[in-house]
Amino acid sequence: MSRHGRDAAFPPVDVVIVGAGQTGSLMAERFARSGKRVVVFEAGPERRLQQLVSSQIWSRALKGTPGVATTEGANPLGVNFNTGQGSGGAALHHYACWFRLHPEDFEMKSRHGVASDWPFGYEALRPFYDRVQVEVGLSGDAGAEFWRPPGDPYPMPPLPVFRQGEIIARGFAARGLKTAPLPLAINSVPYRGRPACIYDGWCDAGCPTGALANPLVTYLPLAREHGARVVHDARVTRIVTSNDGTRAVGAEVVLRDGRRVFQSAGLVVVAGFAMETPRLLLASATSAHGRGLGNSSGLLGKGLYSHAACTVFGRFPEQTDNHLGVSGGQLVCQDRYGKQQGAGFIGGYQWLIAHALRPNDLLGIAGGRPDLFGAALTRFMAEDASHVGSMTLVGESLPLAQNGVELTEGRDGFGMPLARVVHRFDDNAVRLHAHGTAEGQEILRAAGATSVWQGPMVGMHLLGGAAMGRDPAYSVTDEFGVLHDVANLVVAGPSLFPTGGSVNPTFTATALADRAATHLIEHWGNMVR
Amino acid sequence: MRLSPWAAALGVKTARLVVCKVSEILLGAVGLDAPLAWRFVGWGMMNGLGLMKKQQVLGAFDPRRRRVLKHMSLIGAAAVTYREAVAGSRAGLSLDIARLARLSAWAETLVPGAEAAGVANFIAAQLAAPRQSACLTLRYLDWAGDFPDFYRRGLDALERSAMATHGRGFVMLADADRAALAGRVASGSIDGWQGPPAGLFYFAVRSDAVDVVYGTVQGFARLNVPYRAHIAPVRPWPGAWRGRRS
């Protein structure tokens with residue numbers, strides 16, 4: 001081992017990327033395609049499609065990194081449930097509900113006096129939404145989405161609506177609310193060499209057919225095709241900076257065999273998702289960056305937030321065929337997306353309608369009635385399970401300064417500090433949730449449900465923690481994810497979102513990464529010495 | 001001589017040893033005297049080896065003893081689980097046989113059918129796996145502590161509650177008493193509970209039990225739900241005994 005505590009150094013590359021999830025994969029593809037030498041370090045194991053067993057039990061190994069973080073606060077976030085490990089990251093088991101943020105979402109501060117504005121507006125991101133949706137393959141009906149921001153139509157028609165969706169749609173119609181096919185990164189028809197979905201509802205376990213656009217069938221193979229090297233079981237423990245702290249010079253990584261290696265790079269991209277990204281930057285503190293890299297504002301790790309979500313269930317007289325479809329749902333309603341509902345809160349919400357359900361697991365049918373056990377549970381599963389319909393409220397919540405990711409005294413097996421994730425929902429979100437779920441129960445009753453119930457208020461998606469902005473005093477990165485404090489160190493992923501609207505974030509995170517990569521490649525000479 | 005499957009798998013000699021040892025542990029735990037204990041041990045061996053019909057045995061004892069006998073089968077299941085889990089993992093076993101038997105009984109109370117579906121094997125196999133690979137709902141619940149310790153402490157707390165309330169261990173409780181205790185644990189507010197949060201312990205084990213009863217290929221079939229796997233699991237869960245069907 002060298003005097004720096006490292007066993008070896010790899011040959012220099014142009015770009016080192018931390019994390020082989022959704023945005024890391026896209027970044028790798030973009031940089032490799034532009035001719036850059038790219039290496040991706042992924043802390044988890046290599047995942048292959050043929051390993052994606054259709055089982056809610058087996059698929060748990062895809063999720064989270066147990067033991068890395070504690071989750072605390074009045075509303076602890078489901079860190080492991082929302083994250084992933086291994087190639088594909090969380091996107092390997094995501095539900096592929098791909099929405100655009102609305103123009104209003106970018107201006108919450110200037111329009112409504114809450115949270116922060118994004119450093120740019122919807123129109124700046126629109127071309128990247130349009131480009132990514134063609135590359136990835138989105139199915140939907142743009143015309144039927146009355147609320148959809150301007151943009152190119154989807155490249156594929158929508159997925160079919162099954163009986164559960166038809167039943168619940170009756171309730172929305174009865175209450176004067178509109179529904180539209182859910183926009184999904186799932187093939188409704190064969191697309192770019194990938195097959196169409198067969199609607200068996202195993203998305204959450206990881207889709208092995210290639211119908212769902214997870215990184216294993218989109219950007220990761222393309223990145224490799226263009227020469228990017230992806231190293232698995234490689235935990236980056238530290239971003240190394242120059243002596244004066246103004247530039248990143250590479251990353252320190254612990255490999256599968258235990259060797260601690262230095263990887264020199266011209267540009268470093270951290271795409272570790274909302275918990276691991278701030279953890280790594282905080283753990284890379286130096287004398288020049290005593291509070292962590294990119295933390296001169298003191299905001300790194302702060303303001304982590306999540307959508308305020310709740311699933312509402314109904315028992316219908318008829319069978320709902322709830323095993324059919326996809327995990328994300330069949331329909332969407334965004335009639336309540338507007339920020340001023342006149343109900344005592346700021347912000348909107350949407351409904352994801354008619355999920356394909358499994359009997360077990362956290363979001364399964366039995367999980368929806370945790371109060372039942374013994375003979376009552378047996379009776380419920382036998383008599384009611386096939387009659388259940390469900391839908392999920394995705395509600396806007398605002399970042400709170402006291403929420404976030406911080407380091408603890410403990411260390412993991414690589415010597416990295418462990419993390420503590422603290423979260424509570426803002427009062428605004430609590431009011432939104434109460435209003436929305438009451439409406440949801442009424443909708444299901446209007447659809448004919450003979451009984452309705454709901455799950456708890458939970459966090460859905462992890463957002464923020466390294467928010468971008470124009471002012472270095474109030475943000476961590478610029479509009480392209482480049483740290484204000486370190487010129488060639490970039491963050492990718494939903495950590496960057498100043499606000500998150502009330503839609504699933506993967507489409508926006510991907511478009512944002514595309515925009516950043518495009519900019520960085522165009523300005524490579526200025527960015528990298 | 002017809003051997004029950006587990007006895008056949010285990011080998012008669014080993015089976016005798018295991019049953020004797022397990023019986024000692026459990027009978028000791030419920031405070032039975034040695035002669036009576038050994039009668040049960042003998043029954044356990046016979047039942048385990050398929051030498052005596054269960055009904056004949058049950059008819060020979062009073063109701064309280066019947067409960068003991070019922071759980072001799074549980075012991076057998078726990079012994080099988082012990083063997084399966086040890087065989088299925090390179091690490092040791094995190095729960096001893098008495099706790100496995102209690103775990104089976106607890107899970108059966110929460111989700112009928114869990115014991116036969118192999119809930120103790122499921123949990124033991126996951127606890128024997130590296131933490132990164134454990135396929136328990138506890139993983140989703142972000143339990144920061146040691147996974148085996150979560151179950152150990154929960155099961156011990158359950159046992160103390162059973163003893164405090166009814167004067168006997170959980171496996172010895174009548175079904176109604178088990179259910180009543182489960183309700184109190186589920187509520188999260190149970191006097192004297194010292195372990196992981198009671199509500200969380202209830203939820204985690206209930207989820208485990210739901211997994212094995214309803215979340216497998218056989219479980220779907222039980223509900224008449226088509227499984228329609230893209231890639232069918234070769235076994236119901238990682239580390240499952242090879243003999244268990246998905």
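Just so it is clear, none of the values below were taken in a lab; they were calculated from the coordinates. The shown structure was predicted, so the numbers you read here are calculated from the model rather than taken from an experiment. Note: ideal-geometry Cβ built from the backbone for every residue, glycine included; neighbour counts use all protein chains shown.
Here are some notes:
- Along segment B:122-131 the Karplus relation, 6.51 cos²θ - 1.76 cosθ + 1.60 evaluated at θ = phi - 60°, assigns HN-Hα couplings of 4, 5, 4, 5, 6, 6, 7, 7, x, 3 Hz to successive residues, with x for each Gly and Pro.
- Residues with amide H under 5 Å from that of A:Ile17, placed H, sequence gap 5 or more: A:Val39, A:Val40, A:Phe41, A:Val269
- Per the Debye calculation on segment A:405-455 with a single equal scatterer at every Cα and no solvent contribution, log₁₀ I(q)/I(0) for q = 0.29 Å⁻¹ amounts to -1.02.
- Considering all C-alpha pairs of segment A:454-529, those separated by over 20 Å amount to 35%.
- Rg and Dmax of segment B:107-189, based on Cα coordinates, read 13.8, 39 Å.
- Estimated dipole of the protein assembly as shown in Debye, rounded to 20 [Cβ of Lys and Arg +1, of Asp and Glu -1, Cα centre]: 2520
- Debye log10 I(q)/I(0) for segment A:46-203, one point scatterer per Cα, at q = 0.16, 0.17, 0.19 Å⁻¹: -1.23, -1.29, -1.31
- Footprinting exposure proxy for A:Ile198, A:Ile365, A:Ile346 (fewest neighbouring C-beta atoms within 10 Å first): A:Ile198, A:Ile346, A:Ile365
- As a proxy for reagent exposure, ranking A:Tyr219, A:Tyr95 by other Cβ atoms within 10 Å from fewest up yields A:Tyr95, A:Tyr219.
- Largest first, the extents of the alpha carbon coordinates of segment A:1-58 on the three principal axes equal 47, 33, 16 Å.
- Degrees separating the helix A:22-33 axis from the principal Cα axis of chain A, which is the longest one: 50
- Directionally averaged projected area (convex hull, Cα atoms, segment B:90-246), nm²: 9.5
- Extent along principal axes [Cα atoms of segment A:281-387; Å; largest to smallest]: 65, 38, 26
- A crude spin-label estimate for the pair B:Gln132 and A:Arg379, with each label 7 Å from Cα along the Cβ direction, gives 4.7 nm.
- Estimated FRET transfer efficiency (A:Glu409, B:Ala232; beta-carbon r; R0 51 Å; 0.05): 0.65
- Where only alpha carbons of chain A are counted, the Rg and the Dmax (Å): 22.3, 72
- As a proxy for reagent exposure, A:Cys207, A:Cys197 were ordered by neighbouring Cβ count within 10 angstrom, fewest first; the result is A:Cys197, A:Cys207.
- Normalised by residue count, segment A:46-119 yields a Cα convex hull volume of 160 Å³ per residue.
- Comparing Cα centroids, segment B:95-132 and segment A:281-355 end up 34 angstrom apart.
- Mean per-residue shielding of peptide A:68-76 is 2, counting Cβ atoms of other chains within 10 Å of each Cβ.
- Volume per residue that the Cα convex hull of segment A:168-289 spans, once the total is divided by residue count, Å³: 198
- Interatomic Cα distance distribution for segment A:376-497, bins of 5 angstrom, percent: 2, 8, 13, 13, 13, 13, 10, 9, 8, 6, 4, 1, 0
- The calculated Kirkwood hydrodynamic radius for segment A:319-452 is 17.6 Å, given to one decimal from all distinct C-alpha pairs.
- Taking 0.36 nm per residue of separation and subtracting the Cα-Cα distance, full extension of the segment from A:Ala434 to A:Asp7 would add 148.2 nm.
- Rg to Rh, two decimals, where segment A:155-194 supplies the alpha carbon set and Rh follows Kirkwood: 1.11
- Take the Cβ atoms of A:Ala124 and A:Phe146, set R0 to 35 Å, and the FRET efficiency comes out at 0.90.
- Convex hull volume of the Cα atoms of segment B:154-246, normalised per residue: 132 Å³.
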